[in-house]
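Trainee: Mind having a look at this structure? Questions to follow.
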């Protein structure tokens, strides 16, 4: 099938970034969220992101206005009834996502593809919550979505070749570089990345070095553009913990156990940039 119209569930960091990427590429986008305030904030974020492109002369003011005009918002999932592809970008919580997928299945038109931006949850399990499992796929974008090229396309056990082909084509059409991945806890990037971050938290908890020293060591010694603890703050400390819990539960291997300090940070509400404090203070 040819994908023209896009639905996005969730107006947070990933959701509004996904909406921006599709709108800039010329697609009509319907962005939904349970709260109007979240939608307003999401649109404001897209506006600011596009304005920075205008100031850097990478986009004209007219193109910015056109792209923003392609994004409509709603607090109702029923608003996604006519779109060709829905990308769910809600909080990384299995129970919540299963509920959303069941509702999307009921709201979407019969031939619509339903994708999840999940960073670790089983696509096979999400697909089983619908009556269209062959039309469910993982579409894992990376933050910041408008900038990062990679999108992991995760095939559940039920995902059809047609669904994969259509999703791969639309990914390329919006300038992304899709990589096909089998359904497995953490997929490829987070299976490799999140244990590295988790090990950095173990090192910090053991007093091996300060956050800045750990990050400097990885930046200067491994040529990483950002250190693991600063990256954790950017991703969200709670998101890192959620992925490690999925890996630990999925593989039952102690090497994936979350660092105690990681758990404690989440309990304290130190979730990184989004709360103003994580392994660094952003106040």
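Trainee: Identify, by number, the condition in (1) more than 16 Å from residue 27 (Cβ to Cβ); (2) exposed (fewer than 14 other Cβ atoms within 10 Å of the Cβ) that residue 82 doesn't meet.
Mentor: So residue 82 meets the others, but not (1).
Trainee: Does residue 104 qualify as being modelled with pLDDT of 95 or more and either farther than 21 Å from residue 77 by Cβ or surrounded by fewer than 18 Cβ atoms within 10 Å (Cβ to Cβ) (or both)?
Mentor: On the way: modelled with pLDDT of 95 or more: yes; either farther than 21 Å from residue 77 by Cβ or surrounded by fewer than 18 Cβ atoms within 10 Å (Cβ to Cβ) (or both): no.
Spelling it out, it is not the case that residue 104 is modelled with pLDDT of 95 or more and either farther than 21 Å from residue 77 by Cβ or surrounded by fewer than 18 Cβ atoms within 10 Å (Cβ to Cβ) (or both).
Trainee: Here is a follow-up. Could you check, for region 200-208, whether at least one of its residues is outside any loop (DSSP other than H, G, I, E, B) and in contact with a strand residue (DSSP E or B) (Cβ under 9 Å, 6 or more places away or on another chain)?
Mentor: Pass one, region 200-208, residues outside any loop (DSSP other than H, G, I, E, B): 200-205.
Among the residues that remain, those that are also in contact with a strand residue (DSSP E or B) (Cβ under 9 Å, 6 or more places away or on another chain) are: none.
Checked region 200-208: no residue is outside any loop (DSSP other than H, G, I, E, B) and in contact with a strand residue (DSSP E or B) (Cβ under 9 Å, 6 or more places away or on another chain).
Trainee: Across region 121-148, what is the number of residues that are in contact (Cβ under 8 Å) with a residue 60 or more places away in the chain and farther than 15 Å from residue 87 by Cβ? Spell out how you get there, then give the answer.
Mentor: Filtering region 121-148 down to residues in contact (Cβ under 8 Å) with a residue 60 or more places away in the chain leaves 121-123, 141, 143-146.
After this cut, where a residue has to be farther than 15 Å from residue 87 by Cβ as well, the list is 122, 144.
Selection size over region 121-148: 2.
Trainee: From the set of residues in region 149-169 that are in a helix (DSSP H, G or I) and in contact (Cβ under 8 Å) with a residue 12 or more places away in the chain, which is farthest from the chain's Cα centre (by Cα)?
Mentor: Kept after step one, since they are in a helix (DSSP H, G or I), are these residues of region 149-169: 161-169.
Next, only the ones that are in contact (Cβ under 8 Å) with a residue 12 or more places away in the chain stay: 162-164, 166-169.
Values: 162: 23, 163: 20, 164: 18, 166: 20, 167: 16, 168: 17, 169: 19 Å.
Per the stated criteria, the residue is 162.
Trainee: Given the criterion crowded, with 19+ Cβ neighbours inside 10 Å, assigned by TED's automatic domain parsing to the domain that holds residue 163 and within 21 Å of residue 171 (Cα to Cα), identify the matching residue among 88, 92.
Mentor: Working: 92 fails: within 21 Å of residue 171 (Cα to Cα).
Going through 88, 92 in turn, the sole match is 88.
Residue-by-condition table, conditions (1) assigned by TED's automatic domain parsing to the domain that holds residue 117; (2) at pLDDT 95 or above; (3) under 14 Å from residue 230 (Cβ atoms); (4) in contact with a strand residue (DSSP E or B) (Cβ under 9 Å, 6 or more places away or on another chain):
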| site | (1), (2), (3), (4) |
| --- | --- |
| 250 | no, no, no, no |
| 254 | no, yes, no, no |
| 263 | no, yes, no, no |
| 269 | no, yes, no, yes |
| 282 | no, yes, yes, yes |
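Trainee: Let me ask something else. Could you check, for region 70-78, whether at least one of its residues is at pLDDT below 95, surrounded by fewer than 23 Cβ atoms within 10 Å (Cβ to Cβ), over 20 Å from the mean Cα position of the chain (by Cα) and part of a loop (DSSP other than H, G, I, E, B)? Before the answer, list the steps.
Mentor: Just the residues of region 70-78 that are at pLDDT below 95, to begin with: none.
No, region 70-78 contains no residue that is at pLDDT below 95, surrounded by fewer than 23 Cβ atoms within 10 Å (Cβ to Cβ), over 20 Å from the mean Cα position of the chain (by Cα) and part of a loop (DSSP other than H, G, I, E, B).
Trainee: Kindly provide the set of residues from region 253-264 that are without any contact (Cβ under 8 Å) to a residue 60 or more places away in the chain and touching a helix residue (DSSP H, G or I) at 6+ places or on another chain (Cβ under 7 Å), ordered by number. Break it down into steps so the answer makes sense when it comes.
Mentor: First, the residues of region 253-264 that are without any contact (Cβ under 8 Å) to a residue 60 or more places away in the chain: 253-254, 257, 260, 263-264.
Of everything in region 253-264, those that are without any contact (Cβ under 8 Å) to a residue 60 or more places away in the chain and touching a helix residue (DSSP H, G or I) at 6+ places or on another chain (Cβ under 7 Å) turn out to be 257, 260, 263.
Trainee: In region 133-149, what residues are surrounded by 19 or more Cβ atoms within 10 Å (Cβ to Cβ) and over 21 Å from residue 11 (Cβ atoms)?
Mentor: Of everything in region 133-149, those that are surrounded by 19 or more Cβ atoms within 10 Å (Cβ to Cβ) and over 21 Å from residue 11 (Cβ atoms) turn out to be 133, 135, 136, 137.
Trainee: Something else about it: Taking the criterion of being more than 18 Å from residue 88 (Cα to Cα) and surrounded by fewer than 23 Cβ atoms within 10 Å (Cβ to Cβ), would at least one residue in region 3-22 satisfy it?
Mentor: Here is the first cut: in region 3-22, the residues more than 18 Å from residue 88 (Cα to Cα) are none.
The answer is no, given that none of the residues of region 3-22 is more than 18 Å from residue 88 (Cα to Cα) and surrounded by fewer than 23 Cβ atoms within 10 Å (Cβ to Cβ).
Trainee: In region 81-123, what count of residues is obtained for those that are in a helix (DSSP H, G or I) and closer than 30 Å to residue 241 by Cα?
Mentor: Going residue by residue through region 81-123, those that are in a helix (DSSP H, G or I) are 94-107, 123.
Going one step further and asking which of them are closer than 30 Å to residue 241 by Cα, we end up with 94-105, 123.
Total satisfying the criteria: 13.
Trainee: Could you tell me whether any residue of region 253-260 is in a loop (DSSP other than H, G, I, E, B) and crowded, with 18+ Cβ neighbours inside 10 Å? Spell out how you get there, then give the answer.
Mentor: Filtering region 253-260 down to residues in a loop (DSSP other than H, G, I, E, B) leaves 253, 257-259.
Retained after the next criterion (residues that are crowded, with 18+ Cβ neighbours inside 10 Å): 258-259.
Scanning region 253-260, I find at least one residue that is in a loop (DSSP other than H, G, I, E, B) and crowded, with 18+ Cβ neighbours inside 10 Å, so the answer is yes.
Trainee: Right, next: Does at least one position in region 170-177 carry a residue that is assigned to a helix (DSSP H, G or I) and either under 16 Å from residue 280 (Cβ atoms) or in contact with a helix residue (DSSP H, G or I) (Cβ under 6 Å, 6 or more places away or on another chain) (or both)? Working first, answer last.
Mentor: Initial filter on region 170-177 (assigned to a helix (DSSP H, G or I)): 170-173.
Filter again for either under 16 Å from residue 280 (Cβ atoms) or in contact with a helix residue (DSSP H, G or I) (Cβ under 6 Å, 6 or more places away or on another chain) (or both), leaving none.
Within region 170-177 (the criterion being assigned to a helix (DSSP H, G or I) and either under 16 Å from residue 280 (Cβ atoms) or in contact with a helix residue (DSSP H, G or I) (Cβ under 6 Å, 6 or more places away or on another chain) (or both)), the answer is no, since none of the residues qualifies.
Trainee: Being touching a helix residue (DSSP H, G or I) at 6+ places or on another chain (Cβ under 6 Å), part of a helix (DSSP H, G or I), buried (at least 16 other Cβ atoms within 10 Å of the Cβ) and not assigned by TED's automatic domain parsing to the domain that holds residue 142 narrows it down to one residue among 243, 239; which is it? Let's see the steps before the verdict.
Mentor: Working: 239 fails: touching a helix residue (DSSP H, G or I) at 6+ places or on another chain (Cβ under 6 Å).
Testing whether each residue is touching a helix residue (DSSP H, G or I) at 6+ places or on another chain (Cβ under 6 Å), part of a helix (DSSP H, G or I), buried (at least 16 other Cβ atoms within 10 Å of the Cβ) and not assigned by TED's automatic domain parsing to the domain that holds residue 142 leaves just 243.
The values are calculated or read from the model by the stated rules, or taken from the named source; none is laboratory data. All values reported here derive from a predicted model rather than from experimental measurement. Cβ sites come from the backbone with ideal geometry, for glycine too, and all protein chains shown count toward neighbours.
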